[in-house]
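To start, the structure under review is shown below, and the notes come after it.
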Amino acid sequence: RTFQRYNCKDCSGQCIHDPQNPDNPLEFCAFQADYGADGSFSAYKVKDLAYFGGPHDTALSPQNWEEGMSGAVPDQASAFTFRLTFGCKVTDTGLFQTQLANGIAGMGPSDTAIWNQMKWDSVVPDAGFSLCFAPHRQAPTKEGVGAGAITFGGTDLQLHKTPMVYAKDSRLTQTDSPKYGVQLRKVYLRRHGGESVEADSLDEVLFELRDLNTTELNKGGVIIDSFTTGTYMRDILEEPFREQWNKIVDFEYTNDPLSLSAEEVAKLPTILIQIESADEQIVDVSD
C-alpha cells in the first residue's frame, strides 16, 4: 500500500487524533482553506503515488519509463508516476458542493504546487504548466465536458495558433504572494466578436476603453486564477465599458437576462485585456 497519512512529527498544520476513537494512536495533520463566497473546505494531509492522464475507467499498473514515452498517451501515463502530497477532504461548503469540480488542484506559485512536486520526482523537465482553454460547446454533464488541455513541465506548441507572449510577473513586487499577479494596461471591445486574440475578419475592429486610470485599475492587485469561474471587473470600468458597448451594439448593455441565438452570442463584442509584458520575449511585442 502506498497511501500514507502525515503524522504530528511532519505536520505544519493542526495535528489531531481520531475523534471517533480517542484511544487509537492514529493521527491526522489537519488544514483548512477558505475562498470566501466561493466556498471552503477542511482536510487532512496525506501522500500517495499518482499519475495524470490514462484511461478514464481503469487504473494502470506501474511501468518503467522508456525513451520515447509520452504522458499524452493514455496507456503510458503510469510511467510518469510521482509522489504526491495532497489533502483528503472532511467537510466542504459552497462551490465544492454544487459545481462539477468538487475539489481543487494546487497550481499556485508555491513549493507544494503539483507541478513542483512532479519536478521533484523528475517526471517533467521543468517546474511549470500550461493551460489551453477550448470553447465550451457542450451541455454540462456529470462526466464533464471537453474544456481544453493542461500540459505539465512546459508548453505544447502543437496547441498554439499564435506565438506565445509572456506577461510580467507582478509578484516580484509582492512579498510571498501565493497568486499569479499581473498589471493591466488597456481594455478593448472588439466589434463582431471572434474567439482569438487575432481578428478573423476586417469587420472585427478594436475600440479602446478611453481615459482609464491604470493606477486605480490595478489598485489592490490583479490576479490570474484558473479556479475563479468568472472575470471580476473593477467598477471604474463600468462607464467606459458601457459607452463603447452602446456604440457598437444595437442594444444597450444590461445585466438582465437576454434571449439570444448562438449566432447572436457569437457576434457580441469580445473583451480583450492588454497585460504588461515581460522584458524577455520569444517574439517582438509592440503596443
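Work out the length of the dipole vector of the chain about its Cα centre, built from +1 on the beta-carbon of each Lys and Arg and -1 on the beta-carbon of each Asp and Glu, and round it to the nearest 20 debye.
Values: 24 positive and 42 negative charges, 132 e Å.
With only Lys, Arg, Asp and Glu charged at Cβ, the dipole is about 640 debye.
List every residue whose amide H lies under 5 Å from the amide H of Lys186, counting only residues 5 or more places away in sequence or on a different chain, with H placed 1.01 Å from N in the peptide plane.
For Lys186, whose amide H was placed from the backbone, the distant partners under 5 Å are Gln274.
Residue by residue, what Karplus-based ³J(HN,Hα) values in Hz, rounded to whole numbers, does the range 90-101 have, using 6.51, -1.76 and 1.60 with θ = phi - 60° and x for Gly and Pro?
Working through the residues one at a time gives 10, 9, 8, 9, x, 5, 5, 9, 9, 8, 4, 7 Hz.
Considering only C-alpha atoms, what is the centroid distance from the range 268-287 to the range 202-240, in Å?
14 Å
Which is farthest toward the positive dipole end of the range 172-287 among Ala278, Leu237, Leu209, measuring Cα position about the Cα centre, with Cβ charges +1 (Lys, Arg) and -1 (Asp, Glu)?
Checking the options against the dipole of the range 172-287, the answer is Leu237.
Heavy atoms only, probe 1.4 Å: what % of the accessible area of the range 190-287 goes to carbon and sulfur, would you let me know? Walk me through the numbers on the way to the answer.
On the way: 3470 of 7360 Å².
So the carbon and sulfur contribution to the accessible surface is 47 percent.
Would you mind working out the accessible area per residue for the chain, using a 1.4 Å probe, and quoting it in Å²? Intermediate results must be reported in sequence, preceding the final value.
Numbers: 20120 Å² over 287 residues.
I get 70 Å² per residue for this part.
Assuming a strict under-19 Å limit between Cα atoms, what lysine pair count do you get for the range 1-135 once near-sequence pairs (fewer than 8 apart, same chain) are dropped?
On the way: Lys9/Lys45; Lys9/Lys47; Lys45/Lys89; Lys47/Lys89; Lys47/Lys119.
Qualifying lysine pairs in the range 1-135: 5.
I want to check a number: in the range 125-267, how many lysine pairs have alpha carbons closer than 16 Å, given a sequence separation of 8 or more or different chains? Show your work: numbers first, answer last.
Working: Lys168/Lys179; Lys168/Lys186; Lys179/Lys219; Lys186/Lys219; Lys247/Lys267.
The number of close lysine pairs in the range 125-267 is 5.
Spit out the partnerless Cys residues in the chain, using Cβ distances under 4.7 Å as the pairing rule.
So, Cys88, Cys132.
Pull up all non-local amide H partners of Gly39: gap of 5 or more, or a different chain, and H-to-H distance under 5 Å with H placed in the peptide plane.
Here the answer is Leu95, since their amide H atoms fall under 5 Å of that of Gly39.
Would you look at the GNM of the chain, springs on alpha carbons closer than 10 Å, and say which of Asp211, Asp169, Asp121 moves the most?
Result for the chain, Cα springs under 10 Å: Asp211 fluctuates most.
Calculate what fraction, in whole %, of the accessible area of the range 30-91 sits on carbon and sulfur atoms when a 1.4 Å probe is rolled over the protein chains.
Values: 2070 of 3930 Å².
Whole-percent figure for carbon plus sulfur exposure: 53.
Running a GNM on the chain with Cα contacts under 10 Å, which residue among Tyr166, Tyr253, Tyr180 ends up with the highest mean-square fluctuation?
Evaluated over the chain, the most mobile residue of the options is Tyr253.
Each residue of the range 211-217 in turn: what ³J(HN,Hα) in whole Hz from Karplus with 6.51, -1.76, 1.60 and θ = phi - 60°, glycine and Pro shown as x?
So the J values, rounded to whole Hz, are 6, 7, 8, 5, 4, 5, 4.
Per 10 Å bin, what is the whole-percent P(r) computed from every C-alpha pair distance within the range 24-140?
Computed distribution, short to long bins: 11, 32, 37, 18, 2, 0.
With no solvent and one equal point scatterer placed on each C-alpha of the chain, evaluate the Debye formula and give log10 I(q)/I(0) for q = 0.08, 0.10, 0.11, 0.16 Å⁻¹, two decimals.
-0.48, -0.74, -0.89, -1.57
Keeping all protein chains in position, work out how much accessible area Trp120 exposes to a 1.4 Å probe, and write it in Å² to the nearest 10.
Its heavy atoms expose roughly 150 Å² to the probe.
If you plug each phi of the range 270-279 into the Karplus form 6.51 cos²θ - 1.76 cosθ + 1.60 with θ = phi - 60°, what whole-Hz ³J(HN,Hα) values come out, in order, with x for Gly and Pro?
Per residue, the Karplus-derived 3J(HN,Hα) values read 8, 8, 10, 10, 8, 10, 4, 8, 5, 5 Hz.
The values are calculated or read from the model by the stated rules, or taken from the named source; none is laboratory data. Values in this document were obtained by computation on a predicted structure and should not be read as measured data. Using ideal geometry, Cβ is built from the backbone for each residue, glycine included, and neighbour counts are taken over all protein chains shown. Accessible surface is based on the protein model in full, side chains and every heavy atom, while ligands, DNA and RNA are left aside. Shrake-Rupley method; radii C 1.70, N 1.55, O 1.52, S 1.80 Å.
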